[in-house]
1. Highest mean first, how do 116-123, 98-105, 26-33 rank when packing is the count of other Cβ atoms within 10 Å averaged over residues?
2. Could you pull out every residue, at least 5 positions away or on a different chain, whose amide H is within less than 5 Å of the one on Gln38? Hs are placed 1.01 Å off N in the peptide plane, and Pro or chain starts have none.
3. Is the range 35-133 best put as rounded, prolate or oblate by its Cα gyration tensor, with a ≥ b ≥ c the root eigenvalues, rounded for a/c under 1.5, and otherwise prolate when a/b is larger than b/c, oblate when not?
4. Using 0.36 nm times the number of residues separating Ser130 and Leu56, minus their current alpha carbon distance, what extension gain do you get?
5. Per-residue HN-Hα couplings for the range 94-102, Karplus 6.51 cos²θ - 1.76 cosθ + 1.60 at θ = phi - 60°, whole Hz, x for Gly and Pro?
6. Give me the extension gain from Asp74 to Val115: residue separation times 0.36 nm, minus the current Cα-Cα distance, reported in nm with one decimal.
7. Dipole size in debye (nearest 20) for the range 58-138 around its Cα centre, Lys and Arg Cβ +1, Asp and Glu Cβ -1?
8. Tell me, what does the Kirkwood hydrodynamic radius of the range 44-84 come to in angstroms if you use every pair of distinct C-alpha atoms?
Amino acid sequence: MPDDQWVSESAPYIRPREGGSSNAWTEEAARRGRRGGQKTLSVTITVAPEEVRAALGLAQGEEVVVRRRLILLDDDPVELSDSYYPAAIAAGTRLADPRKIPGGAVGLLADLGFVGEDTVEHVRADIATSEQAELLGL
């Protein structure tokens, strides 16, 4: 299939939700008869790691807001997920607050004038640290 006809399975995760729903994961799990959820573990501001800096087109030393979440399926942990937002956009917004974001992060970004159009997936697997193993119930 030509690239211009391919649609990422992640595309719904970067677009504002129709009808007031804020969470593509919850919707996807529900379509499969399951319960999807997430728990915010931390929100920090830090200098962007090189890989993130390059992906976001940031200058050396620029900061990002990092939202670290535990992704749940039927209340069981299934994934640790970190989302990075340029601090120039996210600082002072709900993105930099550890509480749930009404309308979701994607909805908030859309309200700020930033709507995702493309996704690039970088998946990595490592041996879990002891903290990760505990969070994931391994």
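Each value in this text was obtained by applying a stated rule to the coordinates, not by laboratory testing. What you see is a predicted model; the values in this text were computed from it and never measured. Here the Cβ positions follow ideal geometry from the backbone for every residue, glycine too, while neighbour counts run over all protein chains shown.
1. Averaged packing, sorted descending, gives the order 98-105, 26-33, 116-123.
2. Result for Gln38 returns Leu72.
3. Cα axes put the range 35-133 in the oblate bin.
4. Additional length available on full extension: 23.7 nm.
5. 3J(HN,Hα) across the range 94-102, in whole Hz: 5, 4, 8, 10, x, 6, 4, 9, x.
6. Gain in length upon complete extension: 11.8 nm.
7. Charge dipole of the range 58-138: 320 debye, to the nearest 20.
8. 11.4 Å
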